[in-house]
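The values are calculated or read from the model by the stated rules, or taken from the named source; none is laboratory data. Remember, predicted model here, so these are calculated numbers, not experimental data. Here the Cβ positions follow ideal geometry from the backbone for every residue, glycine too, while neighbour counts run over all protein chains shown.
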Protein chains: 2
Amino acid sequence: MKFTYTGIEVKDLDRSIAFYRDVIGMEYLGRHKVEGTGAGEVAAFKDKDSPHVLELNWYTNSKYREGSELDHLAFECQDVRREVERLIKAGATMARPVEVRPKYVVGFVKDPNGIWLELYQERA
Amino acid sequence: MKFTYTGIEVKDLDRSIAFYRDVIGMEYLGRHKVEGTGAGEVAAFKDKDSPHVLELNWYTNSKYREGSELDHLAFECQDVRREVERLIKAGATMARPVEVRPKYVVGFVKDPNGIWLELYQERA
């Protein structure tokens, strides 16, 4: 598994996009709406020197408060179900059952600090 | 400025190092004690495919609670004071005054969500 992006939750997507694009100066990769679980909208940024992505997550039904800032750390995997099982045996806890989405298989576990780790794999 | 690492706060450094090294399988770059402001200990990890670092921050006087998980996002800069000033004019807020440490000049501002952004530059 590979650590590929850091997802933060934001209160106002337009304002946060402007901040990370125009003020911080990161490369803006675009935005797209999300439906179903976690409905809202997502935007992504990167720097030219690194493949690591900063993802901004905005949720339709968000109750943003202190503690919402870190949304999740994301890891690309070859087999999400196997990795979820392995991590749980090793002390991680389940955060959300594995879901098969149109393009990705996605699972969430919590690390020893309660931090959500997203495991994802592209579907063949 | 370049987005170079993601810093999370951890409750138990040994346990978190074991998790990210042995379970997640990231490359362990080492750990070192920190004195003064933010006293505690820091460990760092990366993946072989990316220069992006995951930093684990453990604080001696931590009052870890929901909301502590994301410690900061870090950006390497050429001139910390100039960038802090620029960001504050652009709507960021001051989190901690610029400090000159033995090896680095370091400043912290908050993004529009209240997320701490560390700006740092190596001293000549």
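Against the numbered list (1) modelled with pLDDT of 90 or more; (2) out of contact with any Lys or Arg (no Cβ under 7 Å at 6 or more places or on another chain); (3) polar (S, T, N, Q), A:Thr93 comes up short only at (2).
How many residues does the stretch B:86-114 contain that are of a type in the set (Asp, Glu) and either surrounded by 16 or more Cβ atoms within 10 Å (Cβ to Cβ) or facing chain A (nearest Cβ under 9 Å) (or both)?
Taking the stretch B:86-114 first, the residues of a type in the set (Asp, Glu) are B:99, B:111.
Now narrow it down to the ones that are either surrounded by 16 or more Cβ atoms within 10 Å (Cβ to Cβ) or facing chain A (nearest Cβ under 9 Å) (or both): B:111.
The total comes to 1.
I'd like to verify a number: residues in the stretch A:29-55 that are facing chain B (nearest Cβ under 10 Å) and buried (at least 16 other Cβ atoms within 10 Å of the Cβ), how many?
So the answer is 6.
Do we find a residue being surrounded by 15 or more Cβ atoms within 10 Å (Cβ to Cβ) and under 30 Å from A:Ala18 (Cα atoms) anywhere in the stretch B:8-28? Yes. Anything in the stretch B:47-86 that is acidic (Asp, Glu) and either part of a helix (DSSP H, G or I) or free of Cβ contacts under 8 Å to residues at least 60 places away in the same chain (or both)? List them, or say none. Scanning the stretch B:47-86 gives B:Asp47, B:Asp49, B:Glu55, B:Glu66, B:Asp79, B:Glu83, B:Glu85.
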